[in-house]
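Notes for the one structure printed next.
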Amino acid sequence: MSNNADLKHGGNIFAASEQYNIPIENWTDLSTGISPFIYPVPIVPQSIYSRLPYECPKFIRAVKQYYNVEHFLAVPGSQTAIEQLPILLKQISKVNKVLIPFVGYQEHRFHFDKQQFTTNFYQSFDVDSAFTEIQKSLQTQKSHLLIIQPNNPTGIVFSTNQIKTFLKILAKDAFLIMDEAFIDANEQTSSIKLIDEYKNLIILRSVGKFFGLAGLRLGFVMATPKVLDQLETQVGKWQVSSPTQFIATQVLLDTQFHQHTTLNILQKNKDTQLQFQDIQVFASQVFVSELFVSYLLDVVKAEEFFESYAKRGILLRLIKVDKTFSLIRVGLSLKD
């Protein structure tokens, strides 16, 4: 079983400041993959704070419009869903295996392990190889399937036709869980449009990444009404505060911000690749996603780069792959 103490995440600027003796205000944090183009949060009216957090009709309409869905469950960050879905799947399905990316967001693996699922892996460095591996695995055993789209940290993206293939060959009692936390800047690759067609599809979305609002703690689960009702019973009511709903309503309806931010992210991604060419020349593979760039390096070289940048007050994300290789994942920065 995975050890939660071993699950390291980006963004712990406090620990980095203490370790390298550099004041927090002097750091550039590129370790999270969160957009640097932060939505200008509106002032929340004082009266909002006194309201019990029933779902506001304006908030509901904004969510439906942005994601183009009819049914959803709002949760305090998609992390909540990651923790709760393995528990739910134990209750609604007899399938006790799950197929997940070998290199991916490790919280998924930890929480499936915690619920004693048998965890199998597919390689996540090449989308065509991953597609072939998943097909073969699903055709030989009953298993749930987890896809991170785009994969964090390798950035691979499956096509809609490939996703449909998985959904069609899944066992009757098995589910496909799509973690789309990083997908907003490339919305055409989202599988939300398949929700009404496939009853065994569960999609997770996050407000934190694209909008630069990780501290708002807001995410969504899209699935059939039956699955959402069961999940809501499990997580409990009033999970998303009234101020969060007020802010999110503005965020999700601001189409001008959506368009400008997508263009800004794509340009800044190109700038980031140029800025870190010193790492790229040593990389055996480079993975480019909208909100981050990842470099596959020898473990020793990766550690050297991580330390070199940290000593200059630039926090990158170091991800161990195996005894030979590590990944350096670099987020986007407004600084040149």
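The values are calculated or read from the model by the stated rules, or taken from the named source; none is laboratory data. Just so it is clear, the model here is predicted, and its values are computed rather than measured. All Cβ positions, glycine included, derive from the backbone under ideal geometry; neighbour counts span all protein chains shown.
Structure notes:
- Test: residue in region 209-232 that is surrounded by fewer than 17 Cβ atoms within 10 Å (Cβ to Cβ) and aromatic (Phe, Trp, Tyr): no
- Residue identified as within 19 Å of the chain's Cα centre (by Cα) and either closer than 17 Å to Gly236 by Cα or modelled with pLDDT under 95 (or both) among Ile100, Ile87, Ile82: Ile82
- From the options Val293, Val299, residue that is more than 24 Å from the chain's Cα centre (by Cα) and of a type in the set (Val, Ile, Thr): Val299
- Listed here are the helices (runs of 4 or more DSSP H) enclosed by region 35-116 that have at least 3 residues being polar (S, T, N, Q) and within 25 Å of Leu252 (Cα to Cα): 78-92.
- Scope region 215-270; condition β-branched (Val, Ile, Thr) and farther than 25 Å from Ile87 by Cβ; matching residues: Ile247, Thr249, Val251, Thr255, Thr261, Thr262, Ile265
- Which numbered condition Thr119 fails, given (1) assigned to a loop (DSSP other than H, G, I, E, B); (2) under 19 Å from Phe166 (Cα atoms): (1)
- Pairs with Cβ under 9 Å, 6+ apart, first in region 248-272 and more than 16 Å from Ile38 (Cβ to Cβ), second acidic (Asp, Glu): Leu266/Glu290; Asn269/Glu290; Asp271/Asp336
- Condition met for Val288 (within 25 Å of Tyr39 (Cβ to Cβ) and touching a strand residue (DSSP E or B) at 6+ places or on another chain (Cβ under 9 Å)): yes
- Residue check for Phe246: in contact with a helix residue (DSSP H, G or I) (Cβ under 7 Å, 6 or more places away or on another chain) and either among the aromatic types (Phe, Trp, Tyr) or modelled with pLDDT under 95 (or both): yes
- Check on Phe158, among the aromatic types (Phe, Trp, Tyr), in contact with a helix residue (DSSP H, G or I) (Cβ under 8 Å, 6 or more places away or on another chain) and either buried (at least 21 other Cβ atoms within 10 Å of the Cβ) or in a strand (DSSP E or B) (or both): yes
- Within region 294-309, considering residues that are free of Cβ contacts under 8 Å to residues at least 40 places away in the same chain and of a type in the set (A, V, I, L, M, F, W, C), the one surrounded by the fewest Cβ atoms within 10 Å (Cβ to Cβ): Val300
- Verdict on Thr132 being outside the structural domain of Val286 (by TED's automatic domain parsing), assigned to a helix (DSSP H, G or I) and not aliphatic (A, V, I, L, M): yes
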